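Working notes, structure below.
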Amino acid sequence: MKVFITGGSGYLGRPTIRALTRHGIEVTALARSEHSARTVSDLGATPVAGSLSDTDILRRAAGEADGVIQLGVEYTEDTAGIDRAAAEALQDGAGSRPYVHTGGAWVYGDTDGTGDENTPMNPPPVTAWRLENEKRVLARAETGGRPVVVMPGLVYGCHGGLSQAYFVEPGRAAGAVPSIGDGSNHWAIVHVDDIAELYVLALNAPAGSVYIGAGGQNPLLADIVQALSRAAGVPGKIEPLTLEEAVRRMGPIAEAFALDQQLSGDRARRELGWVPTRLDALTDIAQGT
């Protein structure tokens, strides 16, 4: 099998390429720079020069593969438009072959207890654009396509992810890790290596499927920031912020960090045989692993 992947040199992409190659799958990967090309090549993938805006390249590369995984995102004033056009081109190329699209679990908003794929969606503004794009992606199932949407929780591990960028690094620089509110909200989290395995399994999912990629741990933010403070080298040093203060400092993504989310990945376990293995999140986060 040969899979074309976008975002292959990124935080999610690198472990996903490794997971694909472990399963004996040949990988071609979009690379928008020489650095990205070297990164994916070192991982065992064949680079394809281009960006998410190069829809002709996307369509052709998808057409030459047996399946497609879309992990890439370009944060611009038209992130939604680029994502939509890229998905359309990739699905045009993939035809009736598997197309796995990346969503995001934040679209479910606050959950009342533990939510799943049937939970009503109530996204914060920063991620609301995903709703219409994912609806368009899944609609291809009605015309012969094989779309699948994977909705990762907040991804951690391997010295990367949003918690590293918005909490660990600022905390190391300031001597205290920021925390939003009183810490009583939950984060639905997943280790980057576990979500990479889910992307591989999703290539065999039924058309029109949606899977939440949550590892089964939904810790309190208060416990997470304590672990993040150890990762930052300032154990126990926490700087409480109101949501308004956090938005001024971090931007609108702070509203997503402030969500109270508990989510289940049981559908992926049940239907795809997904077995997350990183089940001591707080220790992993504290160690930066």
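Scan the range 1-36 residue by residue and report those that are open to solvent by 30 Å² or more (accessible area, probe 1.4 Å) and either at positive phi or over 21 Å from the mean Cα position of the chain (by Cα) (or both). MET1, LYS2, GLY24, GLU26, SER33, GLU34, HIS35, listed by residue number. When the range 231-268 is filtered for residues that are closer than 20 Å to ILE189 by Cα, open to solvent by less than 70 Å² (accessible area, probe 1.4 Å), not β-branched (Val, Ile, Thr) and not in a loop (DSSP other than H, G, I, E, B), the ones remaining, listed by number, are ALA231, MET250, ALA254, GLU255, ALA256, PHE257, GLN262, LEU263, ARG267, ALA268.
Annotation: ASN122 fulfils all but one of (1) closer than 25 Å to VAL247 by Cα; (2) in a strand (DSSP E or B); (3) not acidic (Asp, Glu); the unmet one is (2). Screening ALA176, ALA227, ALA165, ALA207 for residues that are out of contact with any Cys (no Cβ under 7 Å at 6 or more places or on another chain) and surrounded by 19 or more Cβ atoms within 10 Å (Cβ to Cβ) leaves exactly one candidate, ALA227.
For the range 82-117, a residue qualifies if it is open to solvent by 40 Å² or more (accessible area, probe 1.4 Å), in contact with a strand residue (DSSP E or B) (Cβ under 9 Å, 6 or more places away or on another chain) and outside any loop (DSSP other than H, G, I, E, B), and the qualifying residues are TRP106, THR114. Looking only at the range 62-78, residues that are under 22 Å from the mean Cα position of the chain (by Cα) and assigned to a helix (DSSP H, G or I) come to 1 in all.
The values are calculated or read from the model by the stated rules, or taken from the named source; none is laboratory data. Computed from a predicted structure; not experimentally measured. Counting neighbours? That spans all protein chains shown, and the Cβs are built from the backbone with ideal geometry, glycine included. Only protein heavy atoms, including side chains, enter the accessible area calculation; ligands, DNA and RNA are left aside. Shrake-Rupley method; radii C 1.70, N 1.55, O 1.52, S 1.80 Å.
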